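The values are calculated or read from the model by the stated rules, or taken from the named source; none is laboratory data. All figures in this text were calculated on a predicted structure; none of them were measured in a lab. Positions of Cβ are backbone-derived with ideal geometry, glycine not excepted, and every protein chain shown enters the neighbour counts. Heads up: the accessible areas ignore ligands, DNA and RNA and are worked out on the full protein's heavy atoms, side chains in. Shrake-Rupley method; radii C 1.70, N 1.55, O 1.52, S 1.80 Å.
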Amino acid sequence: MRFSLPKGTEKLNEQQLKNLSHKGFYEKTASEFHNHVYKKDGLLIYYLNSSQFPTHPERRRSLESNQKMIVALLSGNSELKGDVNVVDNSRITTINNIRFAIVEYHNKGDEYIRFTSDYDKNGGLINGFIEYKMSDEHEAKRYLQDLLQSMHFIAN
């Protein structure tokens, strides 16, 4: 999958990530996304492009199944107990012939938009989220739209 980050997006370095640890961010999230954390204005953007690490066919699930799993994990309705979040919206949308599961949720004053794509023909996908404050909601949704609009599967 190929895409470009919207203009003005800045990649965070290791020290900038450590400076976010006051929220427990570094221990919880940056370990997974440490090379893929960006910021733009009041938004923090995390994404993993697993196209270079494809999922084996027997482990792939439908986008609908992945969406349900994400909602269950976020809302604490799964066997894996973690922080309980309030899921505000969950939907599947298609942009550039790629289906995406979009889940909007919040927890303790922070707002999030989680996104994951369907698998490409090689088993790769894009998975990430945007963290923001409620005052930046419009900017976060516009950023997500611009990011998803830039995504395209690459023919091999």
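Computed with a 1.4 Å probe over protein heavy atoms only, the accessible area of E58 comes to about 150 Å². Once the Cβ-Cβ distance of N122 and K18 is raised to the sixth power relative to R0 = 41 Å, the FRET efficiency obtained is 0.75.
Each residue of region 2-8 was assigned a 3J(HN,Hα) from its phi angle through the Karplus curve 6.51 cos²θ - 1.76 cosθ + 1.60 (θ = phi - 60°); the sequence is 10, 6, 10, 6, x, 3, x Hz, with glycine and proline shown as x. Within straight-line reach of K39, meaning a Cα separation under 20 Å, sit the following aspartates and glutamates at least 8 residues removed in sequence or on another chain: E10, E14, E27, E104, D110, E111, E131, D136, E137, E139, D146.
When a/c is below 1.5 the answer is rounded, else prolate if a/b is larger than b/c, else oblate, so apply that to region 107-148 with a ≥ b ≥ c taken from the square roots of the Cα gyration tensor eigenvalues. The shape class here is oblate. Accessible area per residue (1.4 Å probe, heavy atoms of protein chains only) ranks V86, V71 as V86, V71, with the largest value leading.
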